Each structure stands twice: as C-alpha cells, then as structure tokens.
Amino acid sequence: MNSVRLLSAGVGDAFTARHYTSCLALGVDRDWLLIDCPHPVRKVLREASARAGLTRPLDLDQIGAAAVTHLHADHACGLEDFGYYSFFALGRRATLLLHPDASARLWNGLLAAGMEFDQSNTAAPPVQKQLGDYFDLIDLDLSRPVSFGPFSIECRRTIHAVPTFAFRITAGGRILGFSADTAYDPGLIDWLSSADLIVHEVTNLVHTGVHTPYEKLAALPESLRSRMRLTHYPDDFDVESSVIEPLREGRLYEV
Ligand SMILES: [Zn+2]
C-alpha cells in the first residue's frame with residue numbers, strides 16, 4: 001500500500017482574515033490532485049508545503065489536475081491562475097474535474113471575463129479564446145467513479161446555494177471523503193462514512209445558512225468523529241476545544 005498524504009493548504013471560510021480559503025492537495029507517490037483552487041494558489045501551496053516540511057515546495061507543475069466542488073470564489077477563484085500559469089509558464093492545459101452542473105457556468109459565468117481575450121502579440125488585435133484553449137475539462141458522474149491517474153473520484157450533490165458536489169476519492173488503497181460546502185445532511189455524512197479520512201466543513205455562525213453547525217457534527221458517534229477533520233471554519237472557531245480535530249493550515253495528514 002502506498003503512502004497517501006493530504007496537504008491542508010487553506011482552512012478558512014469565505015470571510016476569513018486569518019487563513020487561506022478551501023484548498024487541499026491529495027498526494028500518492030509523486031502524483032498530486034488539487035481539491036478546490038483559491039487565489040493565489042501558488043502562494044497557498046508554497047506556504048503550506050514549506051510549513052509541512054515537504055522537501056520540495058508543491059507547485060502547479062506537480063499538480064496533475066484540480067477537482068473543484070463548486071464555483072463560489074473561496075473555492076474556485078484560483079482557476080484563472082491555474083489556467084494562465086499552465087498555458088504561459090508550463091506550456092500545457094490545466095486539467096479540471098467537475099460535475100457538469102458545477103461547471104455549467106465555469107466559462108461564461110466565471111472565467112471568460114478575465115480570460116476571453118489574449119493579446120500576446122500587441123501589434124495584432126486580441127485573439128478570442130475558449131475554455132478548451134486553457135483547460136481540459138473532465139466530467140464527474142453521480143453514477144460512477146471517474147479515474148484520473150491514480151485517483152478515482154466519486155461525487156454526490158450537497159445542500160448549497162449553487163450546484164456543489166462532495167467527493168469520495170480513492171487512491172493508493174485509501175479513501176478520502178470531502179463534504180465540500182453543505183448544510184447539515186445526514187445522508188451525505190452516511191455516504192462519506194466509508195472513507196478512511198473525512199474532511200467536513202463546519203460553522204459556528206448563528207445564521208448557519210447553507211453550512212453545517214458544529215453542534216450537529218459534535219453529536220456524531222465517536223467512531224465517526226475520530227476519522228473526521230474539520231475545515232472551512234470561521235476565524236473565531238474554537239479549534240482548541242473542538243471535539244473533532246480541525247485541520248491546520250500547512251500540515252500534512254496520512255489518509
Ligand atoms: Zn460555497
């Protein structure tokens with residue numbers, strides 16, 4: 001069995017002033033899968049891998065693909081970085097894995113405003129670009145796992161304001177579960193429960209909205225809580241007294 005590692009690179013919620021936002025990197029051997037992609041993603045990865053003691057800073061040239069849960073900015077605003085850096089600095093397209101409902105507005109609703117025109121030659125008019133010029137988009141599927149390199153990715157719809165998908169990712173004989181953003185959903189937690197390590201979002205805000213209150217997760221059985229780590233937490237979340245271990249930014253975990 002290979003060592004399967006999870007680098008926690010961004011643990012804050014959308015309003016954080018202390019952390020980077022949702023960003024994980026799952027590694028098996030020399031392959032890395034990025035899970036969510038906030039801006040400035042190269043700095044996010046560099047700082048996390050330095051703090052975690054990786055011998056070589058993790059950078060986009062080592063990232064095979066990014067699996068993205070949904071298009072809220074705290075999860076997806078680094079995709080322009082990923083696409084442009086891959087195209088101009090690495091000379092290749094960036095690979096993205098999303099469910100089609102999550103990617104439906106990826107170009108026209110999010111990326112085109114900043115990526116639609118290229119003027120590498122300033123003596124010529126700008127050239128109009130499409131998503132496929134910068135990205136290879138692979139559709140995730142609710143009914144079957146989708147493979148990319150050593151990673152096999154299953155997805156499940158969550159309860160959130162925009163189309164959002166939780167992941168179960170199998171690699172190196174281990175399974176990582178990631179809730180993505182979601183209101184409390186016992187069915188989702190049951191789906192995630194087969195994973196060796198479960199990363200679940202949490203909030204302590206009074207108006208929890210489409211996020212999961214800490215009290216709901218704290219009431220889960222110990223057998224489940226012991227395999228669960230928390231992320232996407234507000235700046236005033238009490239990490240020291242949480243009965244479920246919160247992920248720390250810049251730390252490496254065994255899956
Ligand atoms: Zn969200």
Q. How many angstrom lie between the C-alpha centres of the range 161-190 and the range 1-49?
A. 16
**Q.** Top positive-direction residue, dipole computed over the chain with Cβ charges, set 172, 124, 65
**A.** 172
**Q.** Solvent-accessible heavy-atom area per residue, rounded to whole Å², over the range 117-169 at 1.4 Å
**A.** 54
(Q) What's the ranking of 7-14, 134-141 by average number of surrounding C-beta atoms within 10 Å, highest first? (A) 7-14, 134-141
**Q.** Normalised contact order of the range 53-209, rounded percent, pairs of Cα under 8 Å and 6 or more residues apart
**A.** 17
Q: Express the accessible area of the range 1-80 per residue in Å², computed with a 1.4 Å probe while the remaining protein chains stay in the model.
A: 40
Q) With +1 on each Lys and Arg Cβ and -1 on each Asp and Glu Cβ, how big is the dipole of the range 110-165 about its Cα centre, in debye rounded to the nearest 20? A) 220
**Q.** For the range 210-218, Karplus couplings with θ = phi - 60° (6.51, -1.76, 1.60), whole Hz, Gly/Pro x
**A.** 9, 10, 9, x, 3, 4, 5, 6, 5
Q.
Give me the three principal axis extents of the range 1-151 from the C-alpha atoms, as integers in angstrom, largest value leading.
A. 51, 37, 32
Q. What is the percent of Cα-Cα separations in the chain that go past 26 Å?
A. 36
Q: Restricting things to alpha carbons, find the Rg to Rh ratio for the range 1-65 using the Kirkwood radius for Rh.
A: 0.96
Q) Amide H to amide H under 5 Å from residue 199: which residues, 5+ apart in sequence or cross-chain, H placed 1.01 Å off N in plane? A) 177, 178, 179, 229
Q: Express the carbon and sulfur contribution to the solvent-accessible surface of the chain as a percent, rounded to the nearest whole number, probe 1.4 angstrom.
A: 49
**Q.** Karplus 3J(HN,Hα) series, Hz, for the range 92-102 with 6.51 cos²θ - 1.76 cosθ + 1.60 (x for Gly, Pro)
**A.** 8, 8, 8, 9, 10, 10, 9, 5, x, 5, 6
Q.
If you average 1/r across every pair of different Cα atoms in the range 198-255 and take the reciprocal, what Kirkwood value do you get, in Å?
A. 11.8
Q. Once both axes come from the Cα atoms, what is the angle between helix 41-52 and the longest principal axis of the chain, in degrees from 0 to 90, rounded to 10?
A. 40
Q | Percent antiparallel among DSSP beta bridges (both partners in the chain, rounded to 5) | A | 60
Q. Cα extents of the range 82-170 along the three principal axes, largest first, in whole Å?
A. 49, 31, 15
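The values are calculated or read from the model by the stated rules, or taken from the named source; none is laboratory data. Because the structure is predicted, anything quoted here is derived from the model rather than measured. In this analysis, Cβ positions are derived from the backbone assuming ideal geometry, glycine residues included, and neighbour counts consider all displayed protein chains. Note: accessible area is taken over every heavy atom of the protein model, side chains too, but ligands, DNA and RNA are not part of it. Shrake-Rupley method; radii C 1.70, N 1.55, O 1.52, S 1.80 Å.
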